[in-house]
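Here the structure comes first, spelled out in structure tokens, and everything after it is commentary.
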Amino acid sequence: METSEKVSVNMNIATISQIDLLVDKGYYSNRSDFINQAVRQALDEKKSIIEEAGKRQSELDFRWFIGVMSLDKEELLKAKENQTKIKIKGYGLLGINGELDELVIENVESIAVRGKVVCSDMVKKHFGMSL
């Protein structure tokens, strides 16, 4: 399962030239290295906001995630046993094994992911995701 995604960013020439200078001086291996490090630094600075958002979402009636999540058979069987439906909401990559299609359709109420969902066409169709 691919865990990275290409993102295009438009920047003005002055900004790019400064990045190129730092690359040429050996501070970064390439433009992507610089951008990745800058993004990680910005996210570290906002870490408390991200953590607070996660705490608030976890208090709601959702199976909430940020990053990468796999829906597993054990969780689906537990929901079936408890006669509850799982609501999934998150940011990142959700992976669902195709062998779990029937359990997913039976025990998941909704899937709302800002990012990517890797699953069978049957599950995508059931939850109204683009194929």
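Criterion first (closer than 20 Å to V9 by Cβ, more than 21 Å from the chain's Cα centre (by Cα) and among the hydrophobic types (A, V, I, L, M, F, W, C)) does L21 satisfy it?
Answer is yes for this residue.
Pick from region 24-43 the residues that are part of a helix (DSSP H, G or I), over 17 Å from the mean Cα position of the chain (by Cα) and among the charged types (D, E, K, R): which of them is farthest from A112 (Cα to Cα)?
Applying the filter and picking the extreme gives D24.
From the list V117, V104, V123, V113, which one is free of Cβ contacts under 8 Å to residues at least 40 places away in the same chain, more than 25 Å from E5 (Cα to Cα) and of a type in the set (V, I, T)?
V104
Just to be sure I understand the filter: pairs with C-beta atoms under 6 Å, separated by 6 or more residues or on different chains, first member in region 32-51 and over 18 Å from F65 (Cα atoms), second member assigned to a loop (DSSP other than H, G, I, E, B). Which pairs pass?
These pairs meet every condition: F34/Y28.
Can you name the residue in region 1-37 that is of a type in the set (A, V, I, L, M, F, W, C) and closer than 27 Å to L94 by Cβ and, of all such residues, is least open to solvent (accessible area, probe 1.4 Å)?
I35
Kindly list, by first and then second residue, each pair from a residue in region 6-17 that is touching a residue at least 12 places away in the same chain (Cβ under 8 Å) to a residue that is surrounded by 10 or more Cβ atoms within 10 Å (Cβ to Cβ) and part of a helix (DSSP H, G or I), limited to pairs with Cβ atoms under 9 Å and residues at least 6 apart or on different chains.
Close Cβ pairs (under 9 Å, with a partner that is surrounded by 10 or more Cβ atoms within 10 Å (Cβ to Cβ) and part of a helix (DSSP H, G or I)) amount to V9/I35; I16/R31.
Residues are listed down the side, and each one gets a yes or a no for (1) charged (D, E, K, R); (2) under 23 Å from I50 (Cβ atoms):
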residue	(1), (2)
G67	no, yes
A79	no, no
K87	yes, yes
L93	no, yes
S110	no, yes
G115	no, yes
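Mind counting the residues in region 53-79 that are more than 17 Å from the chain's Cα centre (by Cα) and modelled with pLDDT of 85 or more?
Number of matching residues: 7.
Based on this model, can you work out whether I50 counts as touching a Ser or Thr at 6+ places or on another chain (Cβ under 9 Å) and either open to solvent by less than 100 Å² (accessible area, probe 1.4 Å) or modelled with pLDDT under 90 (or both)?
no
Give the number of residues within region 74-97 that are closer than 29 Å to V7 by Cβ, open to solvent by less than 20 Å² (accessible area, probe 1.4 Å) and touching a helix residue (DSSP H, G or I) at 6+ places or on another chain (Cβ under 9 Å).
Result for region 74-97: 2.
Which of (1) modelled with pLDDT of 95 or more; (2) hydrophobic (A, V, I, L, M, F, W, C); (3) under 28 Å from C119 (Cα atoms); (4) exposed (fewer than 15 other Cβ atoms within 10 Å of the Cβ) does L100 not meet, given it meets every other one?
Evaluating L100 over (1) modelled with pLDDT of 95 or more; (2) hydrophobic (A, V, I, L, M, F, W, C); (3) under 28 Å from C119 (Cα atoms); (4) exposed (fewer than 15 other Cβ atoms within 10 Å of the Cβ) leaves (4) as the failure.
The values are calculated or read from the model by the stated rules, or taken from the named source; none is laboratory data. What you are looking at is a predicted structure, and each value in this text was computed from that prediction instead of being measured. We place every Cβ from the backbone using ideal geometry, glycine too, and count neighbours over all the protein chains shown. The protein model used for the area step is the full one, side chains on, heavy atoms only, and it has no ligands, DNA or RNA in it. Shrake-Rupley method; radii C 1.70, N 1.55, O 1.52, S 1.80 Å.
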